[in-house]
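Trainee: Take this structure first; my questions come after.
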Amino acid sequence: MKKHVKVYMKHFGYGEQDIIMDELGDGVAVDIHHIVLKSQGGKDEIGNLIALSRRNHDAAHLKLPDKVITRDYLLGVVEARDGEKAT
Ligand SMILES: [Zn+2]
């Protein structure tokens with residue numbers, strides 16, 4: 001399991017068998033997304049991680065023609081979730 005997935009699961013107390021839900025309400029999450037991409041200096045910290053469904057993950061990576069999820073939007077979701085500013 002990748003480190004950022006471990007960080008996410010540990011933070012929220014998920015076990016390996018648990019189903020993680022998309023944080024935007026789109027069913028089951030398939031990926032833990034780095035809001036600030038690792039290639040852009042994003043860290044494996046909870047404030048930079050969000051669980052997303054396949055479709056929302058693709059939208060976050062700007063791969064869908066009909067749906068875009070911006071970094072700022074996701075940062076706002078995580079800020080509300082964690083009650084603090086992302087680092
Ligand atoms: Zn991603």
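Values quoted throughout were computed directly from the atomic coordinates according to the rules given, and no laboratory measurement underlies them. Remember, it's a predicted structure, so these values are computed and weren't measured experimentally. Every residue, glycine among them, receives a Cβ derived from its backbone with ideal geometry; neighbour counts consider all protein chains shown.
Trainee: Apply 1/(1 + (r/R0)^6) to the Cβ-Cβ distance of Asp58 and His11, taking R0 = 30 Å, and write down the FRET efficiency to the nearest 0.05.
Mentor: 0.80
Trainee: Let me ask another. For the chain, set up a GNM with springs between Cα atoms under 10 Å and report which of Ile19, Ile69, Ile32 has the largest fluctuation.
Mentor: Top of the fluctuation ranking is Ile19.
Trainee: Helix-only estimate, please: 222 nm mean residue ellipticity of the chain, summing -39500 (n - 2.57) across DSSP H runs of length 4 or more and dividing by its residues, to the nearest 500.
Mentor: Values: 3 runs with 29 residues, N = 87.
After summing the helix terms and dividing by the residues of the chain, the value is -9500 deg cm²/dmol.
Trainee: Taking the Cα centre of the chain as origin, sum charge times position over the Cβ atoms of Lys and Arg (+1) and Asp and Glu (-1), and report the length of that vector in debye to the nearest 20.
Mentor: The calculated dipole for the chain is roughly 320 debye.
Trainee: Pull out the extension gain between Val30 and Lys67, defined as 0.36 nm times the separation in residues minus the alpha carbon to alpha carbon distance; nm, one decimal.
Mentor: 11.6 nm
Trainee: Can you list residues from other chains, or at least 5 along the same chain, whose modelled amide H is less than 5 Å from the amide H of Ile50?
Mentor: His33, Ile35
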